[in-house]
Amino acid sequence: GAGVSQTPSNKVTEKGKYVELRCDPISGHTALYWYRQSLGQGPEFLIYFQGTGAADDSGLPNDRFFAVRPEGSVSTLKIQRTERGDSAVYLCASSLNTANTEAFFGQGTRLTVV
Amino acid sequence: GDSVTQMEGPVTLSEEAFLTINCTYTATGYPSLFWYVQYPGEGLQLLLKATKADDKGSNKGFEATYRKETTSFHLEKGSVQVSDSAVYFCALSDRANDYKLSFGAGTTVTVRA
């Protein structure tokens, strides 16, 4: 498709389990961002990739969270030992480059930890 | 660090009413300012943006002017429609922060026919 694609759209997991969330950015976009949106809040930055490398992971809340982008396109956000507080909508955005161009968002993955 | 404060909602209006949502920001550099909109069941979409002081962004009848002296970027629309019902987010990005977006908490707007 032409837009940013995120899968799954919904994920319910048990506390303590491992989850992977996938983001397929717009073709040709080198910059990729992950955000987390809790209920009633605006999105909060998690991590930013420029190409294959994580240029800024300062928003990751702790070492249970990790993200990769091995070929500079698809990215996977990985959460280990999930906790109920991890429940949120995880948003991915991509932009052509980082020079102040528009960021396009996917529809998000709603993660619920029970 | 960078931050955005926007008017709390929810806001409920009648069709054809005037809408304004206040947004103020704090930034160390010279940010670009954005309004994003999230319609029910859809993803975040860029509504409008302004990249420097005194710029006016506009789209779909919405306007916002970048006011450096008051560090504000208020969103306005003169005559709202039911289809404008959505959550509106003010945001900024800054070259010093690799253009990652800092968002406000969002304002839910409901327009009644």
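Every number in this text was worked out from the coordinates using simple rules, so none of it is lab data. Quantities reported herein were computed from a predicted structural model and do not represent experimental measurements. A quick note on method: Cβ atoms are made from the backbone with ideal geometry, for glycine too, and the neighbour counts reach across all protein chains shown.
General remarks:
- Computed from Cα atoms alone, the Kirkwood hydrodynamic radius reported for region B:65-113 is 12.9 Å.
- Based on alpha-carbon atoms, the Kirkwood radius and the radius of gyration of chain A give Rg/Rh equal to 0.95.
- Surrounding net charge for A:GLU20, when Lys and Arg each add one and Asp and Glu each subtract one, Cβ distance under 12 Å: +4
- Residue-wise HN-Hα couplings along region B:81-95, as the Karplus relation 6.51 cos²θ - 1.76 cosθ + 1.60 with θ = phi - 60° gives them from phi, are 10, 4, 5, 7, 4, 5, 9, 10, 10, 8, 8, 9, 9, 9, 4 Hz; Gly and Pro carry x.
- In nm, spacing of pseudo-spin labels at A:GLU20 and A:GLU71 (7 Å Cα→C-beta vector): 1.3 nm
- Along chain A, longest interval not containing exposed trypsin sites (Lys or Arg not before Pro), exposed being DSSP loop plus at most 14 other Cβ atoms within 10 Å: A:18-63
- Charges were assigned to the Cβ only: +1 to each Lys and Arg, -1 to each Asp and Glu. The resulting dipole of chain A about its Cα centre is roughly 400 debye.
- Rg and Dmax [Cα atoms of region A:46-86; Å; Rg one decimal, Dmax integer]: 10.7, 32
- Each of A:PHE105, B:PHE62, B:PHE34 was scored by other Cβ atoms within 10 Å of its Cβ. Arranged with the fewest first, they read B:PHE62, A:PHE105, B:PHE34.
- Only Cα sites of region B:1-80 enter the Debye sum here, all with the same form factor; the resulting log10 I(q)/I(0) across q = 0.11, 0.20 1/Å is -0.30, -0.95, listed in q order.
- Between the C-alpha center of region B:52-113 and that of region A:38-114 there is a gap of 23 Å.
- R0 of 25 Å, Cβ-Cβ distance A:GLU102-B:GLU16: FRET efficiency to nearest 0.05: 0.25
- Sorted into 5 angstrom bins from 0, the C-alpha pair distances of the protein assembly as shown split as 1, 7, 14, 19, 18, 16, 12, 7, 4, 1, 0 percent.
- Calculated diffusion of region B:1-45, Stokes-Einstein form, Kirkwood radius summed over Cα pairs, 4 °C and 1.567 mPa s, µm²/s: 99 µm²/s
- Cross-link pairs B:LYS52/B:LYS77; A:LYS78/B:LYS49; A:LYS78/B:LYS52; A:LYS15/B:LYS100; A:LYS17/B:LYS100 - those with Cα-Cα distance over 27 Å: A:LYS78/B:LYS49; A:LYS78/B:LYS52; A:LYS15/B:LYS100; A:LYS17/B:LYS100
- With R₀ fixed at 35 Å, the C-beta to C-beta distance from A:THR112 to B:ASP54 puts the FRET efficiency at about 0.20.
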